[in-house]
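Below is one structure, written out as structure tokens, with a few remarks after it.
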Amino acid sequence: MRVAYITMLFPAASETFATGDVRALVARGIDMSVHSLRFAARSTPGLAVEREVDRVPRTYNRGWQSLVTSLMVAVKRPRATLDLLTAIVRHCASRPEHLLKSLVLAPRVLEVFDDLQRERPDVVHAFWSNYPSLVVYLVQRHMPGVVTSISFGAHDILERHGFSGPVANEADFVRTLARVNVHQVEDAFGVPGDTIEVVYNGVDLERLPPPAQRVPRSIITAGRLAEDKGVDHVIRAIARLRQDYPDASLRVLGDGPLLPKLRALAEHLGVGDAVSFEGHVSHADLLEEMRRAEVLLFLSETHYDRLPNVVKEGMVCGCVCVVTDTDGIDELITHGTSGFVVKRGDVDAAVRHVADVFGRRVPISELTREADAVIRRDFDRQVSVGRYHERWTNLVARKRA
């Protein structure tokens, strides 16, 4: 079976779940290709090697070269070109920013569509439901023998792109990554809830490093250092904790535009020596760090975080996870049983829970054992990818019949 993924950028530093899925599908014998609508970043080739997807065929936006190619596609496929442009105006006219970006991406969309005409995949999957759906729209209209599927994550639901609903309602398989998303997709895009399948983003259980000695009173946080990610709250928490636990430490894994401000905040609060900013680390190194930390403190305030994979990985690596009540978090953590959940912005509550861990006032072994069981039962990547594989196989067989 041949499957083509359409996404914005692959691999992306913050989307380890995407590379994990592709790697697992390849291991199942699926012939994968990935088409990105954006330009390759400077870090893209290195990330592809690091995450072992460098041998997966990938294409990227090539700027003026894509524009030239799209003009040739327009001559060769005028009906599809006119169809795309009129649909962009029809579905995006009420949102000028979506209209403009869709028109800017239209040459790349036509280029990818032309690639798919040559590849003749069995399945074309929109990894995000926003701009990748432009490609799937053309496939649905002009490649009727191809199975199409679409995935709803988080920011794409909130963005409400004009193509998401029409494409999802015509797709053979609609997937989302959390139960909390189902009613949001139904309300925002008119997709019947009983046609939306919840398939969780999974964890590569076979790639976990062996258990290691925990560093006493150590905290880890990971993610992009950007607004609403709550890393400033984590730094404020370690400053408070150091008053009672002078040897408490924090390792911040990730990079982003707020790094200088966060460094300055740590110095201002007098914990510059206790906070280590490690920058971007490989996924393997991230898991190693989690094996050594006592607590994962994840205090995101954004609605874009839905069942974050970094929390799942912290749970299965044996950290006690203290997290904010991001959308759907109750599908992952039961407060007081498999971790602790606090309200967004409630640094006081986060400090109390971490202090209880450091002071051994909570049953750490029971918490981490239950967290591990939850991940192994509900968030095994092999199970998740197996569901894709099974659904696509059945749908392809039905199309061929």
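Think of the chain as a dipole: +1 on every Lys or Arg Cβ, -1 on every Asp or Glu Cβ, centred on the Cα centre; then among Ala154, Val109, Gly328, Val109 lies furthest on the positive end. Think of each Lys and Arg Cβ as +1 and each Asp and Glu Cβ as -1; about the Cα centre, that makes the dipole of the chain roughly 1020 debye. Note on the range 284-319 and the range 178-254: Cα centroid distance 5 Å, given to the nearest whole angstrom.
Simple rule: put +1 on each Lys or Arg Cβ and -1 on each Asp or Glu Cβ in the chain, find the dipole, and look at Ala274, Pro363, Gly20; the Cα lying farthest toward the positive end is Gly20.
Taken over the chain, lysine pairs spaced eight or more positions apart, or on distinct chains, with alpha carbons under 26 Å apart number 7. Remark: Thr7, Thr368, Thr86 ranked as Thr86, Thr368, Thr7, counting other beta-carbon atoms within 10 Å and listing the fewest first. Peptide packing: for 305-315, 250-260, 148-158, the average count of neighbouring Cβ atoms within 10 Å per residue gives the ranking 305-315, 148-158, 250-260, highest mean first. Footprinting exposure proxy ranking of Met143, Met290, fewest other C-beta atoms within 10 angstrom first, gives Met143, Met290.
Can you give the local net charge around Thr334? Use residues other than it whose beta-carbon is closer than 15 angstrom to its beta-carbon, Lys and Arg +1, Asp and Glu -1. So the surrounding residues net to -3.
Ranking Phe298, Gly318, Pro308 by Cα position along the charge dipole of the range 205-378, where only Lys, Arg, Asp and Glu carry charges on their C-beta atoms, puts Gly318 farthest toward the positive end. If the Kirkwood radius is taken over C-alpha pairs of the chain, then at 10 °C and 1.306 mPa s the Stokes-Einstein diffusion coefficient equals 71 µm²/s. A cut-off under 15 angstrom between Cβ atoms defines the neighbours of Val104, and their net charge, with Lys, Arg +1 and Asp, Glu -1, is +3. With K and R counted +1 and D and E -1, the other residues having a Cβ less than 12 Å from that of Tyr60 yield a net charge of +2. The order of the peptides 29-41, 62-74 by mean Cβ neighbours within 10 Å, most packed first, is 29-41, 62-74.
By other beta-carbon atoms within 10 Å, ranking Ile219, Ile364 with the fewest at the front produces Ile364, Ile219. Under a model in which nothing but the beta-carbon of Lys, Arg (+1) and Asp, Glu (-1) is charged, the range 138-215 shows a dipole of about 260 debye around its Cα centre.
Read the figures in this text as sums done on the coordinates, not as results from a lab. These numbers were taken from a predicted model, which means no experiment stands behind them. All Cβ positions, even for glycine, are placed from backbone atoms using ideal geometry, and neighbour counts span all protein chains on display.
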